[in-house]
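Encoded as structure tokens, the structure appears first; notes follow it.
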Amino acid sequence: MSEIQTLDLQTKRNARASTRAASSRLGGGFVYGLILPVAAALLYEAAFRAGLVQARLLPPPSRIAETLWKLAASGELLTHVIATLLRVGLGFGLGAVVGVLLGALTGSSSLARRLLDPTLQALRAIPSLAWVPLFILWLGIFEPSKIALIAVGCFFPVYLGVMGAIANVDRKIVEVGRAFRLSRLMLARRILLPAILPDTIVALRSGLGLGFMFVVAAEIMGASEGLGYLLVDGQQLGKPDQILAAILCFAILGKAADWLILVATRPLLSWQDSFARSG
Amino acid sequence: MLSLAHLDKVYGNGAHALDDVSLDVEAGEIVALVGGSGCGKTTLLRLVSGLEAPTHGTVSVDGEAIAAPHPAVGIVFQEPRLLPWLTVAQNIGFGLDHLPASERRDLVEEALLKVGLAGYGPRWPRELSGGQAQRVSIVRALVTKPKVLLMDEPFSALDALTRATLQDHLLALWEASQPTLLLVTHDVEEAAALADRAVVMQPRPGRIFADIAVPLPRPRDRLSPGFVEAKRAILGALDGSLSQIPGATGGKPAEMSAGSWW
């Protein structure tokens, strides 16, 4: 008994030490990650102030911040951000739901895989932007065509990820479920679902990343609001500070959305060996 | 109690894994299936577990045929096969889903105590050592109180010291409910340490070569002459099973007892 207690204590100590290491690694990583961009911004700002650079095409950080602040203060920025987020949200939601469903279907049934997968793979080979003219003909130039494009972009990584995750579930673990006489439904719920969760989350994250990529494409091709519109507007009116402000917003939104998925799913993945590293 | 009658197993790819294997095991008996690789001992275990169906023949427990996984039969695999997303306690309670939560908790607590892992319930499987994980997987199978417990080389991945400890652990666990125990092993020492009977199998196709009684009292002293004798008997049969020309004996099991085998 005492041996086990000592062991127990030791493990607890180890666990605490590794948590400490992980948190300092995360915090440290955050600070380290900021060093390069902040230093570059300060350097450029200083060079600008010293009159060393012509800032007509590359405005200094202070002017970008000023533009951003003006856009935010007028409420304009919020309108654009909301428009963009709505498009990404709807398109990603649609693409991800269909992707998860079809991926689950082809992953779990070999008949469905043989029937559907070749066609879907062929469709995947088409660059998503090639659909744009067709979507505009079918769905008009307003929101539906944009959301359709984003949905198509988000669909494929999610579909592939979920299908692959199911195919990769360890047969030995499934056998444990069979040995305990789980029904097909319970096998799916108690074994397959938790087993594919990590890969599914990765698939959703890469799908969301593509969602932000395609929202830019959709908005550049014609929109009256959205961060992509700010980009085009900035180009046409010669306002590089506005373009950079919009790019900065994309970076922040994309990172925040990814972080949100990560944080929302963290409690579900605390069992994973590799979680600290992937976070 | 556990009865295997004329089991044949031919896999889809034509591999003939088992040929006319018949074996009767009494209630509470510990039988070790010993044999070289490819002799069909794991296949035999999978047929008894109901995870695979025999090509011919039947498996029955107390007269009831086993065609699919059955509540009377529990299995421990070569690897612990714990579900990594469940805590240790949840893993042990995996087969107790039909019980109310409080009863399940009590059974799991008791099980953890029995394998010396009290307090490990909230841990994740990844935090366990190999020996601890295998102990958890053994009680996961035992906690549902199966009449027959099947074990497929459960200690083969562990170091010798851990293995010997776990063998003692296993006997202590077995003592409590005394299930019929069918244990696949390639470790002659393990067979001699645990089994009432060692059934030696012969490969290509898998057949029973010899059935050796190990009439030693427990606890067994691994240095006693009787133990060494039993080990030598099993080892001798094992050598014999591998040196025979495949197919020449027609798969008739030879009756042998410790000491008079050669």
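The values are calculated or read from the model by the stated rules, or taken from the named source; none is laboratory data. Quantities reported herein were computed from a predicted structural model and do not represent experimental measurements. Cβ placement follows ideal geometry from the backbone for every residue including glycine, while neighbour counts extend to all protein chains displayed.
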Considering the stretch B:106-135, residues that are at the interface with another protein chain (Cβ under 9 Å from one of its Cβ atoms) and of a type in the set (A, V, I, L, M, F, W, C), and then whichever is surrounded by the most Cβ atoms within 10 Å (Cβ to Cβ), we arrive at B:Leu117
Check: Can you find even one residue in the stretch B:16-25 that is among the small types (Gly, Ala, Ser), in contact (Cβ under 8 Å) with a residue 40 or more places away in the chain and part of a loop (DSSP other than H, G, I, E, B)?
Finding: no
Checking A:Ile196, A:Ile136, A:Ile147 in turn, the sole residue that is crowded, with 17+ Cβ neighbours inside 10 Å and under 30 Å from B:Val143 (Cα atoms) turns out to be A:Ile196
Scanning the stretch B:80-105 for residues that are of a type in the set (Val, Ile, Thr) and more than 10 Å from every other protein chain (Cβ to nearest Cβ) gives B:Val88, B:Ile92
The lone condition A:Gly254 fails out of (1) on the phi > 0 side of the Ramachandran plot; (2) under 24 Å from the mean Cα position of the chain (by Cα); (3) surrounded by fewer than 18 Cβ atoms within 10 Å (Cβ to Cβ) is (1)
Quiz item: If you check B:Pro84 against the conditions, is it surrounded by fewer than 24 Cβ atoms within 10 Å (Cβ to Cβ), touching a Ser or Thr at 6+ places or on another chain (Cβ under 8 Å) and within 30 Å of B:Pro122 (Cβ to Cβ)?
Solution: no
> Would you say B:Gln167 is farther than 14 Å from B:Gly35 by Cα and surrounded by fewer than 17 Cβ atoms within 10 Å (Cβ to Cβ)?
Replying inline: no
Those residues of the stretch A:126-168 which are under 30 Å from B:Val76 (Cβ atoms) and either touching a strand residue (DSSP E or B) at 6+ places or on another chain (Cβ under 7 Å) or at pLDDT 90 or above (or both) amount to A:Ala165, A:Ile166
In the stretch B:64-73, anything touching a residue at least 60 places away in the same chain (Cβ under 8 Å) and more than 8 Å from chain A (Cβ to nearest Cβ) is listed as B:Ala72, B:Val73
Here the residues within the stretch A:257-271 that are within 14 Å of another protein chain (Cβ to nearest Cβ), loosely packed, with under 15 Cβ neighbours inside 10 Å and part of a helix (DSSP H, G or I) are A:Arg266, A:Pro267, A:Leu268
For the stretch B:124-131, indicate whether the set of residues that are not polar (S, T, N, Q) and not in a helix (DSSP H, G or I) is non-empty. yes
For A:Ile141, the lone unmet condition from (1) in a helix (DSSP H, G or I); (2) surrounded by 13 or more Cβ atoms within 10 Å (Cβ to Cβ) is (1)
Residue hits (the stretch B:45-59; under 21 Å from B:Gln78 (Cβ atoms) and not in a loop (DSSP other than H, G, I, E, B)) are B:Leu45, B:Arg46, B:Leu47, B:Val48, B:Ser49, B:Val59
In the set A:Ala251, A:Ala245, the lone residue that is under 22 Å from A:Ala65 (Cβ atoms), part of a helix (DSSP H, G or I) and in contact with a helix residue (DSSP H, G or I) (Cβ under 6 Å, 6 or more places away or on another chain) is A:Ala245
Expected output for the stretch B:172-191 (first residue on the phi > 0 side of the Ramachandran plot, partner of a type in the set (A, V, I, L, M, F, W, C), Cβ below 9 Å, 6+ apart or cross-chain) is B:Gln178/B:Ala27
Every listed condition ((1) touching a residue at least 60 places away in the same chain (Cβ under 8 Å); (2) away from chain A (no Cβ under 13 Å)) holds for B:Lys145 save (1)
inquiry  = Given the criteria surrounded by fewer than 15 Cβ atoms within 10 Å (Cβ to Cβ) and either in contact with a helix residue (DSSP H, G or I) (Cβ under 6 Å, 6 or more places away or on another chain) or assigned by TED's automatic domain parsing to the domain that holds A:Pro157 (or both), does A:Leu116 qualify?
reply    = no
Condition set modelled with pLDDT of 90 or more and more than 16 Å from B:Val139 (Cβ to Cβ), scope the stretch B:80-100, selection farthest from the chain's Cα centre (by Cα): answer is B:Trp85
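Condition check ((1) modelled with pLDDT of 50 or more; (2) part of a helix (DSSP H, G or I); (3) in the same structural domain as A:Asp233 (by TED's automatic domain parsing)) across all residues:
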residue	(1), (2), (3)
A:Glu3	no, yes, no
A:Val31	yes, yes, no
A:Val38	yes, yes, no
A:Leu42	yes, yes, no
A:Thr67	yes, yes, yes
If we keep only residues of the stretch A:172-182 that are more than 18 Å from B:Pro71 (Cβ to Cβ) and facing chain B (nearest Cβ under 7 Å), then the residue surrounded by the most Cβ atoms within 10 Å (Cβ to Cβ) is A:Ile173
Note: among A:Leu208, A:Leu182, A:Leu204, just one is over 18 Å from A:Leu105 (Cα atoms), assigned by TED's automatic domain parsing to the domain that holds A:Phe250 and within 14 Å of the chain's Cα centre (by Cα), namely A:Leu208
Checking the structure you have, find out if any residue of the stretch A:211-220 is part of a helix (DSSP H, G or I), within 12 Å of the chain's Cα centre (by Cα), modelled with pLDDT of 90 or more and more than 30 Å from A:Arg56 (Cα to Cα).
yes
The residue from A:Leu208, A:Leu193 that alone is away from chain B (no Cβ under 13 Å) and aliphatic (A, V, I, L, M) is A:Leu208
Sole miss for A:Leu185 among (1) of a type in the set (A, V, I, L, M, F, W, C); (2) surrounded by fewer than 20 Cβ atoms within 10 Å (Cβ to Cβ); (3) more than 14 Å from chain B (Cβ to nearest Cβ) is condition (3)
